[in-house]
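So the structure is just underneath, and the comments pick up after that.
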Amino acid sequence: MIFWGPIAILKLKTANLVEGKVYNLPAFIFFFIGGFVPSIVGISLTKTYDHNSGLKDLLKSAIDLKIGFQQFVIIVTYP
């Protein structure tokens, strides 16, 4: 509600990424930051409650590339 709420309530245009236009820079900044807030909160809470070991496990799981051949083929061919 803090980042995206005012943008939605005031019906502000933020950006058109297809044309590369930014209509309202402060609204675009709030919109952009709002997209990263859940990740930032998750990392900070993991660090707070699980300390360094929990943070290391979280970051390792974020870059875990152990996938099977079938999943790899789906990922590469789907787009």
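The values are calculated or read from the model by the stated rules, or taken from the named source; none is laboratory data. Keep in mind that this is a model prediction, so the values were computed, not measured. Cβ coordinates were reconstructed from backbone atoms using ideal geometry, including for glycine residues, and neighbour counts include every protein chain displayed. These accessible areas exclude ligands, DNA and RNA; they are computed on the full protein's heavy atoms, side chains included. Shrake-Rupley method; radii C 1.70, N 1.55, O 1.52, S 1.80 Å.
Kindly list, by first and then second residue, each pair from a residue in region 21-39 that is open to solvent by 50 Å² or more (accessible area, probe 1.4 Å) to a residue that is in a helix (DSSP H, G or I) and among the aliphatic types (A, V, I, L, M), limited to pairs with Cβ atoms under 6 Å and residues at least 6 apart or on different chains.
Cβ pairs passing all conditions: PHE31/ILE7.
Of the residues that sit in region 1-20 and are part of a helix (DSSP H, G or I) and either touching a residue at least 40 places away in the same chain (Cβ under 8 Å) or hydrophobic (A, V, I, L, M, F, W, C) (or both), which one is farthest from LEU55 (Cα to Cα)?
ILE9
Show the residue pairs that are 6+ apart or on different chains and have beta-carbon atoms under 9 Å apart, the first residue being within region 42-54 and open to solvent by 70 Å² or more (accessible area, probe 1.4 Å), the second being in a helix (DSSP H, G or I).
From residues that are open to solvent by 70 Å² or more (accessible area, probe 1.4 Å), the pairs are ILE43/LEU55; ILE43/LEU58; ILE43/LEU59; LYS47/GLY54; LYS47/LEU55; LYS47/LEU58; ASP50/ASP57; ASP50/LEU58.
Scan region 30-58 residue by residue and report those that are of a type outside the set (Phe, Trp, Tyr) and in contact with a Ser or Thr (Cβ under 9 Å, 6 or more places away or on another chain).
Answer for region 30-58, where residues must be of a type outside the set (Phe, Trp, Tyr) and in contact with a Ser or Thr (Cβ under 9 Å, 6 or more places away or on another chain): GLY54, LEU55, ASP57, LEU58.
Can you tell me how many residues in region 31-57 are small (Gly, Ala, Ser), within 17 Å of the chain's Cα centre (by Cα) and farther than 11 Å from PHE3 by Cβ?
Residues flagged as small (Gly, Ala, Ser), within 17 Å of the chain's Cα centre (by Cα) and farther than 11 Å from PHE3 by Cβ within region 31-57 amount to 3.
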